[in-house]
1. Restricting the first residue to the stretch 135-148 and requiring it to be of a type in the set (D, E, K, R), which pairs with a second residue that is at pLDDT 80 or above and buried (at least 18 other Cβ atoms within 10 Å of the Cβ) meet a Cβ separation below 6 Å and a spacing of at least six or different chains?
2. Please identify the pairs in which a residue from the stretch 207-229 that is closer than 19 Å to HIS55 by Cα has its Cβ atom under 6 Å from the Cβ atom of a residue that is of a type in the set (S, T, N, Q), counting only partners at least 6 apart or on another chain.
3. Looking at the stretch 211-227, which of the residues that are in a loop (DSSP other than H, G, I, E, B) and hydrophobic (A, V, I, L, M, F, W, C) is nearest to LEU541 (Cα to Cα)?
4. Within the set of pairs 6 or more residues apart or between chains, which connect a residue that is closer than 17 Å to ALA396 by Cβ inside the stretch 306-331 to a residue that is of a type in the set (S, T, N, Q) and crowded, with 22+ Cβ neighbours inside 10 Å with Cβ atoms less than 6 Å apart?
5. Restrict the check to the stretch 389-398 and report whether at least one residue is hydroxyl-bearing (Ser, Thr, Tyr), assigned to a loop (DSSP other than H, G, I, E, B) and over 18 Å from ARG333 (Cβ atoms).
6. Of the residues PHE252, PHE206, which is buried (at least 16 other Cβ atoms within 10 Å of the Cβ) and within 27 Å of GLY345 (Cα to Cα)?
7. Could you please tell me which pairs satisfy a Cβ distance under 6 Å, a separation of 6+ or placement on different chains, a first residue in the stretch 230-245 that is more than 8 Å from LYS220 (Cα to Cα), and a second residue that is modelled with pLDDT under 95 and in a loop (DSSP other than H, G, I, E, B)?
8. Looking at ILE344, is it surrounded by fewer than 21 Cβ atoms within 10 Å (Cβ to Cβ), touching an Asp or Glu at 6+ places or on another chain (Cβ under 6 Å) and either in the same structural domain as ALA419 (by TED's automatic domain parsing) or among the aliphatic types (A, V, I, L, M) (or both)?
Amino acid sequence: MHVRRLFLLFFGVLLAGLVSCNRQAHRHPGKMIFRYNEAAGLVNLDPAFARDLPHIWVCNQLYNGLVQLDDSLHVRPAIARRWTISPDGKTYTFYLRKDVFFHDDPVFHGKKRRVTAADFVYSFRRLVNPKTASPGSWVFDDVAETKTGKAFLAINDTTLQIKLKHPFPPFLGIVAMQYCAVVPHEAVTFYGNTFRKHPVGTGPFFLKNWVEGVKMVLQKNPDYFERDKSGHRLPYLDAVAISFLRDKMTAFLEFSKGKLDFISGIAPSYKDEILTRTGQLRAKFRGRIKMLKSPYLNTEYLGIMVDTTMKAVRDSPLRLKAIRQAINYAFDRKKMIKYLRNGIGIPGNKGIIPPGLPAFDAKADYGYSYHPEKAKQLLLKAGFGPGQPPPVVTLATTSEYVDLCKYVQARLNDVGFDAHINVMPAGTMREMKAQAKLLFFRASWIADYPDEENYLSLFYSKNFTPNGPNYTHFSSPVFDKMYEKSLSIVDNKRRRKLYRAMDSLIMVQSPVVILYYDEVIRFVQKDVTGLGINPVNLLKLKRVKIGIR
């Protein structure tokens, strides 16, 4: 045991040394190795637990599902080569490829193990099984599962059928999530609780080695089923190396030296080093790296509790629609993006639905822009004017967003509010928000799947916390009726027209104050091609190539 620990320690130090080598030395002759850092670390390679981006990213290299999203968020074939949907929208039939095999693993005793429809039935039933305790079990809440398991049906080896309780147009987008990846029952049974570090999937890469907290190496799957337009088998890369430097500034320095191939996002520690105030690369980086930007399905907002059955709400000025609208008019979102985020993000002058989704309309006649005079007029309308004490509001936030919230606070006070900020730990704030104990709070919503319904569900009255995402306790019979109707509309154009009407209603009632729509931003070494970018910030490496410097 002591010898094993000593070996692992030595091996970890060796791998750490490999991370710090120069860009030329880290490449084996004739090999392409893509390297990135994951500051948050990785603990589980089981797709049933792929709930955050770090784990989603690595699972996307190791596994496949029935379908996948392209960079425009269109649903494309993966293991399912095609599918049909019944006229009533409740039965999905998937026709599978015959050339998809699980990664080679000792559990298969040297034989190639082909994926069948029965493997998907197993994987999906495992996902919803309470014993698995997957955070993704909700994805099949609308499936008409019965004791006989007929909701997931393997008609034969290459035909899978899924039955829903009621029509749900976003369902294909949900099935594209990593939660829905296929896994072999042999590996899950054999490895048990250690399957998290012995992943067996079908993806373009398989796990070669992993020293937790130090480095992970994924190696090219020589039997991967997807090919490019020329018939060349994917992936192009020979390997992917992931380091786990916790400090983002340290990772940025490694990237700037060419020792990492890309970094994602912009951290306060280095945003001014790499970007100008207007969001452009600084001169010293131009020609050395590439910057990729895309709308991100992430809406940052301020939530306002509007449930007047609660005494705290009845005693608060936030119960008044005019007050909520005044907050919306009180601050300049364009300046906020420019000076606090170095130009990264799109001012939130429309509704909750972000750019990147078809129902977003940049020319929509709803939403709010900077208009301090209107804010003052609305305060007067609400009964707060000369001779009256100003409306007192307290905005809850975490330390990460203090600067942004201070900017909003200052602008609110400029138009006549008495605004305060309450900074609290992220865990405390999350718990209080779920328990409806916060009247005014900073929040964000990152889409679980690429459909506008995911955002509008935040305001459906049956989704009140703690069991649902309606943190503002907004309730409107008109909104609920439109929301329920949208779930039965299969035609995309008709459904999106209804989505816009719902978005407009929300903005008039103002249970939220939209701050900005986030953007995906990636910095890539100039010799990296084929990386791409998409509104869900999914990392796709199967088409990436690295040139020789």
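1. Every condition considered, the pairs that remain are ASP142/LEU164; ASP142/PHE168; GLU145/ALA151.
2. If the second residue must be of a type in the set (S, T, N, Q), the pairs left are LYS208/GLN219; LYS215/SER243; VAL217/ASN209; LEU218/GLN61.
3. At the first step, the residues of the stretch 211-227 found to be in a loop (DSSP other than H, G, I, E, B) are 212-214, 221-226.
When the remaining residues are screened for being hydrophobic (A, V, I, L, M, F, W, C), the result is 214, 225.
Values: VAL214: 21, PHE225: 15 Å.
Residue satisfying both the conditions and the ranking: PHE225.
4. As it stands, the answer is VAL306/THR472; ARG324/SER510, since those pairs meet every condition given.
5. Just the residues of the stretch 389-398 that are hydroxyl-bearing (Ser, Thr, Tyr), to begin with: 394, 397-398.
Still in the running and assigned to a loop (DSSP other than H, G, I, E, B): 398.
So of that shortlist, the ones also over 18 Å from ARG333 (Cβ atoms) come out as 398.
Looking through the stretch 389-398, at least one residue is hydroxyl-bearing (Ser, Thr, Tyr), assigned to a loop (DSSP other than H, G, I, E, B) and over 18 Å from ARG333 (Cβ atoms).
6. Values: PHE206 fails: within 27 Å of GLY345 (Cα to Cα).
Criteria check complete, one pass: PHE252.
7. Taking only residues 6 or more apart or on different chains, the pairs are PHE244/GLY41; PHE244/GLY213.
8. On the way: surrounded by fewer than 21 Cβ atoms within 10 Å (Cβ to Cβ): yes; touching an Asp or Glu at 6+ places or on another chain (Cβ under 6 Å): yes; either in the same structural domain as ALA419 (by TED's automatic domain parsing) or among the aliphatic types (A, V, I, L, M) (or both): yes.
So ILE344 passes the test.
The values are calculated or read from the model by the stated rules, or taken from the named source; none is laboratory data. Predicted, not measured: the structure shown is a model, and the values here were computed from it. Note: ideal-geometry Cβ built from the backbone for every residue, glycine included; neighbour counts use all protein chains shown.
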